Each structure stands twice: as structure tokens, then as C-alpha cells.
1. Give the shape of region 35-120 as rounded, prolate or oblate, defined through the alpha-carbon gyration tensor: a ≥ b ≥ c are the square roots of its eigenvalues, a/c under 1.5 means rounded, and otherwise the shape is prolate if a/b is larger than b/c and oblate if not.
2. Helix 113-125 against the longest principal axis of the chain: what's the angle in degrees, Cα atoms only, rounded to the nearest 10?
3. Once you sort the root eigenvalues of the Cα gyration tensor of region 93-172 as a ≥ b ≥ c, which label holds: rounded (a/c under 1.5), prolate (a/b larger than b/c) or oblate (the other case)?
4. Taking the chain as the reference, fit the longest principal axis to its C-alpha atoms, fit the long axis of helix 28-39 to the helix C-alpha atoms, and give the angle between the two in degrees, 0 to 90, nearest 10.
5. Going Cα to Cα from LYS17, which lysines come in below 22 Å? Please leave out same-chain ones fewer than 8 positions away.
6. Which lysines, on any chain, are close to LYS166 with Cα under 17 Å apart, when same-chain ones fewer than 8 places away are left out?
7. Evaluate E = 1/(1 + (r/R0)^6) for VAL170 and LYS126, where r is the Cβ-Cβ distance and R0 equals 35 Å; express this FRET efficiency to the nearest 0.05.
8. With a cut-off of 8 Å between alpha carbons and a minimum separation of six or more residues, what is the relative contact order of the chain in percent?
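The values are calculated or read from the model by the stated rules, or taken from the named source; none is laboratory data. Small disclaimer: the values here were computed from a predicted structure and weren't measured. Cβ coordinates were reconstructed from backbone atoms using ideal geometry, including for glycine residues, and neighbour counts include every protein chain displayed. We work out accessible area using only protein heavy atoms, side chains counted, and drop any ligands, DNA or RNA first. Shrake-Rupley method; radii C 1.70, N 1.55, O 1.52, S 1.80 Å.
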Amino acid sequence: MTGNNGPQIVAPPTPMKITQIAVVVRDIEAALKTYTETLGWGPWSVFDYKPPLLHDTRVKGEPVEYRMIGAEASVDGLGFELIQPVSGPSIYQKFLDTRGEGVQHIACMKHSEADSTLMQEHWRSKGAEVLMSGRIGESIEFYYLDTAPMLKFVLESGSGHAIDLKPTYVYP
């Protein structure tokens with residue numbers, strides 16, 4: 001859009017704050033050991049994401065079941081996540097298959113569900129459709145947006161991170 005004074009900037013409904021960076025890995029245990037020993041990060045809250053904890057899962061709008069193991073740590077206040085896809089179709093597995101291990105997404109989370117809906121509408125208006133989505137427990141909605149063409153990374157958003165829940169186990 002252009003106005004009398006040049007392009008009109010349309011900001012998102014709430015300011016976007018980075019809450020997490022996520023790396024997809026093939027072997028969660030090996031990655032936990034490496035990140036802990038080389039960077040000193042941890043403790044890690046490790047979650048086995050599968051039904052019934054993980055539910056209402058979709059890939060490109062189609063209902064599908066997928067499973068993953070996620071490990072989250074706080075690094076000086078910023079969330080850092082390791083994700084190992086376990087089964088089912090997912091953007092994590094596609095990333096591993098096409099690019100190998102690496103940074104798969106950056107998250108801007110902790111919106112209310114109303115703000116989350118506005119955020120999806122904001123990105124849809126910019127051509128970024130939802131790649132994958134789901135729910136964790138009763139309190140967390142998450143979705144990944146196809147923002148790579150404009151931002152050069154996939155953006156995750158929604159209503160929170162699992163680090164606020166009870167983990168399957170803690171590493172180390």
C-alpha cells in the first residue's frame with residue numbers, strides 16, 4: 001500500500017518479541033549432551049509430544065498425527081529448543097530430509113488466543129499461510145507460518161511454550 005508520503009507500514013496487532021529459537025536434530029540425547037557440554041546450557045525440560053498431550057495436529061490444514069521429542073532450556077531469558085521428529089509427517093521431518101539438522105524456526109509466542117487469531121490474520125494478509133499447527137495440553141496453541149519467502153525463516157506463534165508445563169524428564 002502506498003500513501004501520499006510513500007509506502008504505508010502495517011504493523012502486526014501486537015509487537016513481535018522473540019521468545020524461542022529452535023533447532024531440529026536427528027538424535028535428541030546426543031544433541032542434549034553436546035549443547036550441555038559445549039555451551040553449558042541447561043537444565044533441559046524434555047517433553048515426549050504425543051497424544052493425548054499433543055492433539056488437534058494439522059499439516060497444511062489437513063488433520064494428521066505426528067510425534068516429536070522436544071527439549072527446552074532458558075538461555076539468559078531466551079528460550080532455546082531442540083526438536084527430534086519421531087513419527088508422522090511434519091515440517092520438522094521435511095526440514096531434516098531436505099536441509100539436515102539446523103535452525104528450523106524462530107518463535108514469537110505468548111499471545112492471548114484473541115491476539116493469536118489476529119496474528120494469523122496479519123500474516124495471512126501478507127501471504128504467509130499456516131504450515132503446521134497443534135495444541136499441547138489445554139493451554140497451548142502453536143502454529144508455524146510460511147514466512148520464509150519474506151523473512152528467510154519459518155515463524156512460530158501461538159499462546160505459549162511447553163517449558164511452562166511438567167516435563168517428561170529433565171536433562172541432565
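1. Details: a/c = 1.70, a/b = 1.23, b/c = 1.39.
Oblate, because a/c is 1.5 or more while a/b does not exceed b/c.
2. That helix lies at roughly 60 degrees to the long axis.
3. oblate
4. Relative to the chain, helix 28-39 is tipped by roughly 80 degrees.
5. LYS110, LYS126, LYS152
6. Hits, sequence-local ones excluded: LYS50.
7. The computed FRET efficiency comes out at 0.35.
8. Values: 342 pairs, mean separation 47.7, N = 172.
Reported as a whole number, the value is 28 percent.
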